[in-house]
Amino acid sequence: MGPAGTASIVWRHGVCAVQPLGAMIGPALFLLPDGRQVAPLHVAPWWREPIAATLPGVLRGLRGEWPCVPFGHQTKAHTALPEAWGVPGDPEPSAWLHGYPSNHDWSIENLSPNAVRLMIDLPANEPIARIEREISGDPDAPALDFLLRVHARRSCALPLGLHFTFSLPAQPLAASIVVPDAAWGRTYPMPTEPGVSRFAADARFEALDLMPLATGGTMDATRVPFAFPTEEIALVCGLERGEASLVNVAAGYRATIRWDERQFPALQLWYSCKGRGGPPWNGRHMALGLEPVCSAFDLGERISGRDNPLSVSGVPTAVRLSPEERFEARYRLEVSGLSID
């Protein structure tokens, strides 16, 4: 089901591969009560191609879900950010996209046929000493339960995120994103993919189906995949509860993630709709990221750890960690069937 060294979670309602690289999960099959098997988690199309060996770990193994500690990264492109988002001086690029753990192998221990534990020790120069995660299949449902533990080496404030990545149907607009009512959000502070992205940059929206466009007007950003090639990032804030779903009408299922919104107060949406032309993307990558975060988008530690337009509006963008208190988060992925006429 996956790369060398992959472990498997096998339970009554499904099977899920877990790879050492990044502690990423996927692919996964969920057995629905009506007997159908569905595979909601994404796996990047290049993982078996020769180019994969040349890629950073997080891209080489890109698939279903993994924890990002820290979330995001800093790049030279951030010099183009609006002043309210920027950091004075020339930004030093981060060493790793989504952190050291996303790009290196974790150790895997099978706790039982339906549960695994993964661990990684970070280099001494990192503020985090160790990260652990446990993943188990729910014996009574097509669902996976997750436990994340972060042990800090020294006191720090880091952006954190849970990077769920879902497959999309080939047919445009054949799936829908569902988030709790009363949510608002912001678009990425600059074009996600220059010359390609269509969302208005650095704009506030009051509902996902009223997404502001760079050319004026709005579009419904709940219906995916879009009928045109693009790459977009938006952040949903003001969540009444930590819950989001992808309803894949074409495949007849709903995939729902649940988390503690006090720990991850926003949901980053990554719309990857064949909008990146260079390798390994090659105009073919199509996926949806539903990413619970405490982060200023994916802009990295410096921006997330200081005052920014999100934090000053009351949306936390970094988690305070210390050696005296372990950070622990529990979250869940559930899959259910839709009625098929």
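In table form, for the structure just shown:
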| quantity | calculated |
| --- | --- |
| Reported label for calculated Cα extents along the principal axes in Å given (1) 52, 52, 43; (2) 90, 41, 33; (3) 73, 43, 32 | (1) |
| Segment 1-138, dipole about Cα centre (Lys/Arg Cβ +1, Asp/Glu Cβ -1), debye to the nearest 20 | 420 debye |
| For segment 230-336, with +1 on Lys and Arg beta carbons and -1 on Asp and Glu, the positive-most of Ile257, Tyr331, Cys273 along the dipole | Cys273 |
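Values quoted throughout were computed directly from the atomic coordinates according to the rules given, and no laboratory measurement underlies them. The shown structure was predicted, so the numbers you read here are calculated from the model rather than taken from an experiment. Glycine gets a Cβ as well: all are built from the backbone with ideal geometry, and neighbour counts include every protein chain shown.
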